[in-house]
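Rule-based calculations on the coordinates, nothing more; no lab input. Because the structure is predicted, anything quoted here is derived from the model rather than measured. Here Cβ is always computed from backbone atoms with ideal geometry, including for glycine, and neighbour counts include all displayed protein chains.
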Amino acid sequence: MKIPTALAKIDGIDKKILRFLMNDARKPVLEIARSIGISGAAIHQRLRKLEASGVLAGSKFVINPKSLGYTTMAYIGIYLDKAMSNPVAVKQLEKIPEILECHYTTGNWSILIKVLCKDNEHLMQVLNKEIQQIEGVSRTETFISLAQQIDRQISI
């Protein structure tokens, strides 16, 4: 994701376009244009501007993991033996496909990761045989998510 050097400037029309796309990224540009009252070309131009400014960071299809048998979501706090271990640990964590997110944090943990597994047994294997085997990892603390109650983007 592009990190802007200055805050992007968006107007009311940009906000309307973004709201339409956040609600349904597959909505046809001409349908958005008709709803807002501007041309399809103007929508395309504004979308290019929003991408160039870093406001839009891409588009993607969202897979329902439960439909593929992935039912256990967990957050794992990772304690490193020393701060210098971070880059090496992150490189190793990147190789584990079950890890969806990795955050460098303040507080007790050095790293917080979000992991998606098929079940608790799968989680235990990932934890014991992969994450805890990484050089520099001194210990972990795992929290299993029972249910995701809020899932949203920033309000525009």
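Would you tally the net charge around HIS122, using a Cβ to Cβ cut-off of less than 12 Å, leaving HIS122 out, and scoring K and R as +1, D and E as -1? Computed value for this residue: -2.
How do MET73, MET124 rank when sorted from fewest to most other Cβ atoms within 10 Å of their own Cβ? Don't skip to the end; give the middle numbers.
Working: MET73 19, MET124 13.
Sorted ascending by nearby Cβ count, the order is MET124, MET73.
On a full-extension model of 0.36 nm per residue, what is the gain between GLN132 and ALA41, subtracting their alpha-carbon distance, rounded to one decimal in nm? Display every interim value, and only then the final one.
Details: separation 91, 0.36 × 91 = 32.76 nm, distance 5.26 nm.
Residue separation times 0.36 nm, minus the Cα-Cα distance, leaves 27.5 nm.
After finding the eigenvalues of the alpha carbon gyration tensor for segment 12-53, what semi-axes result from the square roots of 5 times each, listed largest first in whole Å?
On the way: eigenvalues 38, 29, 17 Å².
Computed over segment 12-53, the values are 14, 12, 9 Å.
Listed peptides 59-68, 82-91 appear in the order 82-91, 59-68 once ranked by packing, highest mean of other Cβ atoms within 10 Å at the front. Summarising the overall dimensions of segment 65-145 from its C-alpha atoms, the Rg and Dmax are 12.1, 39 angstrom.
Note on the chain: Kirkwood hydrodynamic radius from all Cα pairs is 18.6 Å, rounded to one decimal. Structural descriptor for the chain: relative contact order 24 percent, calculated from alpha carbon pairs under 8 angstrom and at least 6 residues apart.
The per residue volume of the convex hull around the alpha-carbon atoms of segment 105-156 is 127 Å³.
For Cα pairs less than 8 Å apart in space and 6+ apart in sequence, what is the mean separation divided by the residue count of segment 65-145, i.e. the relative contact order in percent? The partial results should precede the final answer.
Values: 134 pairs, mean separation 38.3, N = 81.
After rounding, I find 47 percent.
In sequence order, segment 60-68 has phi-based couplings of 7, 8, 9, 8, 7, x, 5, 5, 9 Hz under the Karplus curve 6.51 cos²θ - 1.76 cosθ + 1.60, θ = phi - 60°, and Gly or Pro positions carry x.
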